[in-house]
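Student: One structure follows; several queries about it will come next.
The values are calculated or read from the model by the stated rules, or taken from the named source; none is laboratory data. All values derive from a computational prediction rather than experimental measurement. No Cβ is skipped: glycine too gets one built from the backbone with ideal geometry, and neighbour counts run over all protein chains shown. Ligands, DNA and RNA are stripped out before the accessible areas are found, and what is left, the full protein with its side chains, is counted by its heavy atoms. Shrake-Rupley method; radii C 1.70, N 1.55, O 1.52, S 1.80 Å.
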Protein chains: 2
Amino acid sequence: MSRNILPRPVQRLIDEFARLPGIGPKSASRLTFYLLRGTDNLALDLANALQELKENTRFCSVCFNITEEDPCLICSDEARDASLLCVVEEPLDVVAIERSRAFNGRYHVLHGAISPVEGIGPEDLKIGELVQRVQQGTFKEIILATNPTLEGESTALYLQRRLMNMPVKLTRLARGLPVGGDLEYTDEITLGRAVEGRQEL
Amino acid sequence: MSRNILPRPVQRLIDEFARLPGIGPKSASRLTFYLLRGTDNLALDLANALQELKENTRFCSVCFNITEEDPCLICSDEARDASLLCVVEEPLDVVAIERSRAFNGRYHVLHGAISPVEGIGPEDLKIGELVQRVQQGTFKEIILATNPTLEGESTALYLQRRLMNMPVKLTRLARGLPVGGDLEYTDEITLGRAVEGRQEL
């Protein structure tokens, strides 16, 4: 009954919003009614942006980051260090590392991490392509910048095994206290890593 | 710099998502990258649903609820009590009351509440239309079901003054403890209302 009283297009948009991660049925209807109420063109602007998203973006054939042009702006930027490769799980990780301004090499996006629970194996990720790139021999150091999670660690371990016989240095991002964090509220694993990785002043 | 590394269509969708209420820049980029990763047609389904939303819905010319047909299914349902009118702020309130299955009359949607802070006066709401409907004389009781907020109470008070000389009974939804609520954790205003409105067993 509660479904029937909503016009079909309204219910349909609520259902579509509810398919997105982190948006439950309540948020989905709130968003939908917000768009209905809006006098501006927000709904249509959003619709156009969604259509354009897949039409005008692709994966870079070199690093598999999301891009409008292929190869992407980072891969084709000769000013960037071609001897340094940073391997990440997702395109958003590239954004995060770029934002830090601490890295000026190239990237390789795996598009996920190894996760037996979710049925994701090495063959589902861009690992073969990574090994090929490394074999071409321009890289001196590979930073395995997968997430500090179970899946990310497993993936880094797997990559370490696959790449260990090649003439490259393998590194991992430092683990420790987050800047601005509070020792008292830091979880014991992070704190343990911070102690292990302590640096001389 | 962080903006430039994102392809334009990706940044555009992030910006559009971030215009929605309750979605910050972080959630907006998470949603966008979720849609990019998806192999299904979620982005296009969502785009189509958004386009259809305004094309195929309108406001009922009688009650101003959202509808595909005009008048809406509730207004044209002869089985519903035509002597009972429930005045609400938003279409979502109609959904909520219908879900309760406690009401079988007609509705009137104001599309907001009086709010001097936000510059919303009586003339911005469907109040003139409400007075006209009440003047036509089919209603015996008007339930002023605006929200139990400052704006909702002001609106109910305003409506009471506008309608008090007409031959209709004006009522307001009962205030009290929410079902399943806990006395200990109920705020003092709600508890005060619950005491004032206590009922004999």
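Student: With N residues in the protein assembly as shown, what two-decimal value do you get for its Cα radius of gyration over 2.2 N^0.38 Å? Could the numbers behind the result be given before it?
Tutor: Details: Rg = 28.7 Å, N = 402, 2.2 N^0.38 = 21.5 Å.
In units of the 2.2 N^0.38 Å rule of thumb, it is 1.34.
Student: Something else now. For the range B:65-73, take each phi angle, set θ = phi - 60°, evaluate the Karplus expression 6.51 cos²θ - 1.76 cosθ + 1.60, and give the result in whole Hz per residue in order, putting x for glycine and proline.
Tutor: Per residue, the Karplus-derived 3J(HN,Hα) values read 6, 7, 7, 8, 10, 10, x, 6, 4 Hz.
Student: Label chain A by shape, choosing from rounded, prolate and oblate, from the square roots a ≥ b ≥ c of the eigenvalues of the Cα gyration tensor; if a/c is under 1.5 it is rounded, and otherwise prolate applies when a/b is larger than b/c, oblate when it is not. Walk me through the numbers before you get to the answer.
Tutor: On the way: a/c = 2.23, a/b = 1.63, b/c = 1.37.
Prolate shape, in that a/c is at least 1.5 and a/b is the bigger ratio.
Student: Here's a follow-up. Can you tell me the convex hull volume per residue for the range B:68-130, based on C-alpha atoms, in Å³ to the nearest whole number? Mind showing how you got there, number by number?
Tutor: Numbers: hull volume 6.6 nm³, N = 63.
Output value, Cα hull per residue: 105 Å³.
Student: Angle between the Cα long axis of helix B:91-100 and the longest principal axis of chain B, 0 to 90 degrees, nearest 10?
Tutor: The angle comes out at about 60 degrees.
Student: Looking at the protein assembly as shown, send over the antiparallel percent of its DSSP beta bridges, to the nearest 5.
Tutor: Roughly 20 percent of the beta bridges in the protein assembly as shown run antiparallel, per DSSP.
Student: B:Ser83 label points, 7 Å along Cα→Cβ, one per copy: pairwise distances from this copy to the rest in nm, shortest first?
Tutor: In nanometres, ordered from closest: 9.2.
Student: Shortest first, in nm, what separates the label point of A:Leu183 from those of the same position in the other copies (7 Å along Cα→Cβ)?
Tutor: Here the equivalent label points are 4.8 nm apart from this one.
Student: Could you work out how much longer the chain between A:Ala18 and A:Leu173 gets when fully extended? Use 0.36 nm per residue separation minus the Cα distance between them, nm to one decimal. Let's see the in-between values first.
Tutor: Details: separation 155, 0.36 × 155 = 55.80 nm, distance 3.56 nm.
Full extension of this stretch gives 52.2 nm more.
Student: Still on this structure, please answer the following. Filter the trypsin sites (Lys or Arg not before Pro) in the range A:5-67 down to the DSSP loop ones having no more than 12 other Cβ atoms within 10 Å, then list what survives.
Tutor: On the way: sites: A:Arg12, A:Arg19, A:Lys26, A:Arg30, A:Arg37, A:Lys54, A:Arg58; in loops: A:Arg19.
Nothing satisfies the criteria.
Student: Could you tell me which GluC sites (Glu not before Pro) in the range A:1-95 are loop residues by DSSP with no more than 16 other beta carbons within 10 angstrom of their beta carbon?
Tutor: Working: sites: A:Glu16, A:Glu52, A:Glu55, A:Glu68, A:Glu69, A:Glu78, A:Glu89; in loops: A:Glu68, A:Glu69, A:Glu78, A:Glu89.
Sites meeting the loop and neighbour criteria: A:Glu68, A:Glu69, A:Glu78.
Student: Report the Cα centroid-to-centroid distance between the range B:125-201 and the range B:1-77 in angstrom, as an integer.
Tutor: 33 Å
Student: Within the set of other residues whose C-beta is less than 13 Å from the C-beta of B:Ile114, count the net charge using Lys and Arg as +1 and Asp and Glu as -1. Intermediate values should be presented prior to the final figure.
Tutor: Numbers: positive: B:Lys126, B:Arg161, B:Arg162; negative: B:Glu89, B:Glu118, B:Glu123, B:Asp124, B:Glu151, B:Glu153.
It works out to a net charge of -3.
Student: Once you've got the GNM for chain A with C-alpha springs shorter than 10 Å, pick whichever of A:Asp81, A:Asp45, A:Asp70 has the biggest mean-square fluctuation.
Tutor: Looking only at A:Asp81, A:Asp45, A:Asp70, the biggest GNM fluctuation is shown by A:Asp45.
Student: Length gain on complete extension for the stretch A:Asn165 to A:Glu196, per 0.36 nm per residue less the alpha carbon to alpha carbon distance?
Tutor: On the way: separation 31, 0.36 × 31 = 11.16 nm, distance 2.67 nm.
Additional length available on full extension: 8.5 nm.
Student: In the protein assembly as shown, what is the count of Lys pairs whose alpha carbons are under 25 Å apart, counting only pairs at least 8 residues apart or on separate chains?
Tutor: 12
Student: Okay, next question. When the dipole is taken about the Cα centre of the range B:8-56, and only Lys, Arg (+1) and Asp, Glu (-1) are charged at their Cβ, what size is it in debye, to the nearest 20? Before the final figure, lay out each step's value.
Tutor: Details: 7 positive and 6 negative charges, 67 e Å.
Rounded to the nearest 20 debye, it is 320 debye.
Student: Right, next: Output, in nm with one decimal and in ascending order, the distances from the B:Gln135 label point to the matching label points of the other copies (7 Å from Cα along Cα-to-Cβ).
Tutor: In nanometres, ordered from closest: 8.5.
Student: Please build a GNM for chain A, connecting alpha carbons under 10 Å apart, and tell me which residue among A:Ile23, A:Ile74, A:Ile114 fluctuates the most.
Tutor: A:Ile23
Student: Right, another one. By accessible area of protein heavy atoms, probe 1.4 Å, what ranking do A:Thr32, A:Thr186, B:Thr149 get, highest first? Numbers along the way, then the final one.
Tutor: Values: A:Thr32 0, A:Thr186 25, B:Thr149 60 Å².
So, going from the largest accessible area down, we get B:Thr149, A:Thr186, A:Thr32.
Student: Tell me which A residue has its C-beta closest to the axis rotating A onto B, and the distance in Å?
Tutor: Reported as residue, whole Å: A:Ala47, 2.
Student: Is the C-alpha gyration tensor of the range A:8-56 telling us rounded, prolate or oblate? Criteria: a/c under 1.5 is rounded; beyond that, a/b larger than b/c is prolate, otherwise oblate.
Tutor: In terms of gyration-tensor shape, oblate.
Student: Another one. Ignore the peptide's own chain and count Cβ atoms of other chains within 10 Å of each Cβ in A:19-26; give me the average, rounded.
Tutor: Working: counts 6, 10, 5, 5, 5, 0, 0, 1.
Per residue, the number of nearby Cβ atoms from other chains is 4 on average.
Student: Report, in debye and to the nearest 20, how large the dipole of chain A comes out about its Cα centre when Lys and Arg carry +1 and Asp and Glu carry -1 on their Cβ.
Tutor: Values: 23 positive and 29 negative charges, 68 e Å.
The dipole magnitude comes to about 320 debye.
Student: Could you pull out the trypsin sites (Lys or Arg not before Pro) across the range A:101-201 that fall in loop regions by DSSP (anything but H, G, I, E, B) with no more than 10 other Cβ atoms inside 10 Å?
Tutor: Details: sites: A:Arg101, A:Arg106, A:Lys126, A:Arg133, A:Lys140, A:Arg161, A:Arg162, A:Lys169, A:Arg172, A:Arg175, A:Arg193, A:Arg198; in loops: A:Arg101, A:Lys126, A:Lys140, A:Arg175, A:Arg198.
Taking the range A:101-201 and a limit of 10 other Cβ atoms within 10 Å, the loop trypsin sites (Lys or Arg not before Pro) found are A:Arg101, A:Arg198.
Student: Taking θ as phi - 60°, what are the ³J(HN,Hα) couplings along the range A:15-20 by the Karplus curve (6.51, -1.76, 1.60), each to the nearest whole Hz, with x for Gly and Pro?
Tutor: With coefficients 6.51, -1.76 and 1.60, one gets 4, 5, 4, 5, 6, 6 Hz.
Student: Continuing with the same structure: Rank A:Thr138, A:Thr190, A:Thr155 by mean-square fluctuation in a GNM of chain A with C-alpha springs under 10 angstrom and give only the top-ranked residue.
Tutor: A:Thr190
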